[in-house]
Amino acid sequence: KKLVFATNNQHKTEEIRAALAGKYEVLNLEDIGCFVDIPETANTFEGNATLKSSYVVKHFNLDCFADDSGLEVEALNNEPGVYSARYSGSRDSLENIQMVLGKLEGNPNRKARFKTVISLMQNGQNHIFEGVIEGTIRTALSGSKGFGYDPVFQPDGYELTFAEMDLAEKNKISHRAIALNKMVAFLKEI
Ligand code: ITT
């Protein structure tokens, strides 16, 4: 079965494809011929995920799902949150990580969480699924896998950052995987 995933982020596509391998064939925006950077003007993950999924319904008449996600750092009042992709003003991951590390410098509270909200638009209905993973922000980068803030995020109960884990290992525990598993369970029910 085919599912359309409304993203331009190749790393997200890879994670979702790996997690759904054998169950669903995942088409991203490029695959359906959509080359638009869909505006994300809402101030919640749910709002932005819904903007992305609804865009595909409206312009391509296809059911689809979208993921809006980000990092919430407790000591920064849950920033960067919905602004995670451009916290420093650019989409450059290193610059965004430096922004977080700079603001946290000297702060003993390193608590943070990754959050994913999936909006699944199906037959005109919006279904929302959430995933959260708690962890801490390291003082320096470690690891080269993954994307975004992975080199500084260490999930609770692990000694490795997400960027030091293989995709399969990250996919067992990540915010994205948790939200995705909820969506898969829902799709099985119907
Ligand atoms: P699409 O909107 O096209 O899906 P995007 O990269 O713009 O791609 P978001 O708006 O959801 O995605 O922004 C999420 C940002 O949060 C992303 O660019 C990363 O900086 C960060 N992020 C989300 N999930 C992450 C993960 O699993 N590991 C590391 N950083 C993550």
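The values are calculated or read from the model by the stated rules, or taken from the named source; none is laboratory data. No experiment lies behind these values; they were computed from the predicted model shown. Counting neighbours? That spans all protein chains shown, and the Cβs are built from the backbone with ideal geometry, glycine included.
In this structure, does M165 turn out to be crowded, with 16+ Cβ neighbours inside 10 Å, within 16 Å of L120 (Cβ to Cβ) and modelled with pLDDT of 95 or more?
Against the criterion (crowded, with 16+ Cβ neighbours inside 10 Å, within 16 Å of L120 (Cβ to Cβ) and modelled with pLDDT of 95 or more), M165 does not qualify.
May I ask you to say which residue of K188, K145, K170 is out of contact with any His (no Cβ under 7 Å at 6 or more places or on another chain), modelled with pLDDT under 95 and closer than 20 Å to A18 by Cα?
K188
What's the number of the condition E134 fails, among (1) touching a Lys or Arg at 6+ places or on another chain (Cβ under 6 Å); (2) within 11 Å of the ligand (Cβ to nearest atom); (3) farther than 21 Å from V4 by Cβ?
With (1) touching a Lys or Arg at 6+ places or on another chain (Cβ under 6 Å); (2) within 11 Å of the ligand (Cβ to nearest atom); (3) farther than 21 Å from V4 by Cβ applied to E134, the lone miss is (2).
Mind checking which residues of region 146-161 are without any contact (Cβ under 8 Å) to a residue 24 or more places away in the chain and within 13 Å of the ligand (Cβ to nearest atom)?
Result: D150, Q154, P155, T161.
Would you be able to say whether some residue in region 91-98 is surrounded by fewer than 21 Cβ atoms within 10 Å (Cβ to Cβ), within 30 Å of D63 (Cα to Cα) and among the hydrophobic types (A, V, I, L, M, F, W, C)?
no
I'd like the residue in region 34-46 that is out of contact with any Gly (no Cβ under 8 Å at 6 or more places or on another chain) and touching a residue at least 24 places away in the same chain (Cβ under 8 Å) and, out of all such residues, is nearest to H175 (Cα to Cα).
Restricting to residues being out of contact with any Gly (no Cβ under 8 Å at 6 or more places or on another chain) and touching a residue at least 24 places away in the same chain (Cβ under 8 Å), the top hit is E46.
When you check G81 against the structure, is it within 11 Å of the ligand (Cβ to nearest atom) and in contact (Cβ under 8 Å) with a residue 40 or more places away in the chain, yes or no?
Taking the combined requirement at face value, the residue does not satisfy it.
If K58 meets every condition in (1) in contact with a helix residue (DSSP H, G or I) (Cβ under 7 Å, 6 or more places away or on another chain); (2) under 17 Å from T7 (Cα atoms) apart from one, which number is that one?
The number of the failed condition is (1).
With (1) in a loop (DSSP other than H, G, I, E, B); (2) under 19 Å from K12 (Cβ atoms); (3) away from the ligand (no atom under 12 Å from the Cβ) as the list, and H127 as the residue in question, which single condition is left unmet?
The single condition H127 does not satisfy is (1).
Within region 169-181, which residues are surrounded by fewer than 17 Cβ atoms within 10 Å (Cβ to Cβ) and either away from the ligand (no atom under 14 Å from the Cβ) or assigned to a loop (DSSP other than H, G, I, E, B) (or both)?
N181
In this structure, is D92 modelled with pLDDT under 95 and over 15 Å from the mean Cα position of the chain (by Cα)?
no
Kindly establish whether L120 is away from the ligand (no atom under 11 Å from the Cβ) and either more than 27 Å from A66 (Cβ to Cβ) or not in a strand (DSSP E or B) (or both).
Answer is no for this residue.
Which of the residues spanning region 88-109 are touching an Asp or Glu at 6+ places or on another chain (Cβ under 7 Å) and either within 12 Å of the ligand (Cβ to nearest atom) or in a strand (DSSP E or B) (or both)?
Selection gives S88 alone.
How many residues, within region 130-140, are surrounded by 14 or more Cβ atoms within 10 Å (Cβ to Cβ) and not in a strand (DSSP E or B)?
Of the residues in that region, 1 qualify.
Of the residues N96, N109, only one is of a type outside the set (V, I, T) and more than 27 Å from E14 (Cα to Cα); which?
N109
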